[in-house]
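Single-structure report; data block below.
The values are calculated or read from the model by the stated rules, or taken from the named source; none is laboratory data. Everything numeric in this text was worked out from a predicted model, so none of it was measured. Here the Cβ is made from the backbone with ideal geometry for all residues, glycine too, and neighbour counts use every protein chain on show.
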């Protein structure tokens, strides 16, 4: 980013001419070496990711407890999710993680064209993921499965009237249990929604990075930004790796 | 193999050398992740009773571990990073464990 300019404010001329030691322009002065700077940045990025783990961890814990309390409601509600879209999206996200990892590799080996190619692919796969999520969300909106005033219990009280519930062989739930399906969808939207927010932030940063990569910013030895963004992108992938089985795959077998 | 030469190289310099993971590692891990995604979908259709969610979570843990070790490069990173990741996951499990022990020891599911 602005690494190279940040250390120069004040007297740029003096900095370049009257400088006691040799180091690349992206090394900040409070670090002894580029390696130390890279290690410190990597450490800081991981600390940030740990706060993210704790953040999503709270949602996962809530899911764990409610799922065990209201298991029949969670099974029936989970049958409303489309397993084909869910699996496809998992594949899309894993592929985008792969292209991102390759992007880091091409940044390290200083191949600008390939780096830009990988970043564009990652960007597009991120958009595909969000596109599929939009299709899934609109299905939920149509069926009134969004928690709130217009929430409908119809799919759970009369499963025969609902295609997805009928296909899964759901039996009608008692009213008090059927009501708890709203809790499942609340967690579904909270968890996939927060995940999608992370994707949107990631895609925005990717868009910025594509322009910077074209200008050659990441293929001149300074790979920290690409590397740390890669960590963020893979973290978002890991969250989905757990969301997918927990939300989509509850009791898919005949029961 | 390349990991070995890299370490020797780094040792010669007396500093932690930046490790470049070869693409073949990424390709293999990518393949394994796709296969495991298929396995977890398939396993969810097999009747295993209480073991269904356990198997699903185990596969998830394996996938996440592969991503952390190779895609995120923790396997090749400094001890400080390894310790940070380990300590973070440990703290996370402690927090979940303590929360659950509280819920389990009260009127389970009755409010």
Could you check residue A:184 against (1) surrounded by fewer than 20 Cβ atoms within 10 Å (Cβ to Cβ); (2) in a helix (DSSP H, G or I); (3) more than 14 Å from chain B (Cβ to nearest Cβ) and say which number it fails?
(1)
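May I ask you to list the residues in region A:212-230 that are assigned to a helix (DSSP H, G or I) and surrounded by fewer than 23 Cβ atoms within 10 Å (Cβ to Cβ)?
Passing the criteria: A:212, A:214, A:224, A:225, A:227, A:228, A:229.
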Sort out which residues of region A:64-90 are part of a loop (DSSP other than H, G, I, E, B) and facing another protein chain (nearest Cβ under 10 Å), and write them in order of number.
A:70
Which residues, taken from region A:97-116, are surrounded by fewer than 17 Cβ atoms within 10 Å (Cβ to Cβ) and more than 13 Å from chain B (Cβ to nearest Cβ)?
A:113
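For (1) exposed (fewer than 14 other Cβ atoms within 10 Å of the Cβ); (2) at the interface with another protein chain (Cβ under 10 Å from one of its Cβ atoms); (3) out of contact with any strand residue (DSSP E or B) (no Cβ under 9 Å at 6 or more places or on another chain); (4) at pLDDT 50 or above, each residue gets a yes or a no:
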| residue | (1), (2), (3), (4) |
| --- | --- |
| B:13 | yes, yes, yes, no |
| B:20 | no, yes, yes, yes |
| B:25 | no, yes, yes, yes |
| B:28 | yes, no, yes, yes |
| B:47 | yes, yes, yes, yes |
| B:50 | yes, no, yes, yes |
| B:53 | no, yes, yes, yes |
Identify all residues within region B:69-94 that are at the interface with chain A (Cβ under 7 Å from one of its Cβ atoms) and part of a helix (DSSP H, G or I); write none if there are none.
B:71, B:80, B:81, B:84, B:85, B:88, B:92
Qualifying residues in region A:232-251 (those that are surrounded by fewer than 21 Cβ atoms within 10 Å (Cβ to Cβ) and within 7 Å of another protein chain (Cβ to nearest Cβ)) - the one nearest to residue A:97 (Cα to Cα)
A:242
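I want to confirm something. Restricting to region A:44-63 and keeping residues that are over 16 Å from the mean Cα position of the chain (by Cα) and surrounded by fewer than 16 Cβ atoms within 10 Å (Cβ to Cβ), which single residue is nearest to the other protein chains (Cβ to nearest Cβ)?
A:47
With the structure loaded, tell me whether residue A:197 is under 20 Å from the mean Cα position of the chain (by Cα), crowded, with 20+ Cβ neighbours inside 10 Å and more than 9 Å from every other protein chain (Cβ to nearest Cβ) or whether it fails that test.
Details: under 20 Å from the mean Cα position of the chain (by Cα): yes; crowded, with 20+ Cβ neighbours inside 10 Å: no; more than 9 Å from every other protein chain (Cβ to nearest Cβ): yes.
Judged against the criteria, residue A:197 is not a match.
Going by what's in this entry, would residue A:122 be described as over 19 Å from residue A:181 (Cβ atoms) and within 9 Å of chain B (Cβ to nearest Cβ)? Full working, then the answer.
Working: over 19 Å from residue A:181 (Cβ atoms): yes; within 9 Å of chain B (Cβ to nearest Cβ): no.
No: the conditions fail for residue A:122.
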Please state which of the following conditions residue A:209 fails to meet, knowing it meets all the rest: (1) more than 14 Å from chain B (Cβ to nearest Cβ); (2) at pLDDT below 95; (3) crowded, with 23+ Cβ neighbours inside 10 Å.
(2)
When you scan region A:140-153, do you find a residue that is touching a residue at least 12 places away in the same chain (Cβ under 8 Å), over 26 Å from residue A:58 (Cβ atoms) and surrounded by 17 or more Cβ atoms within 10 Å (Cβ to Cβ), even just one?
no
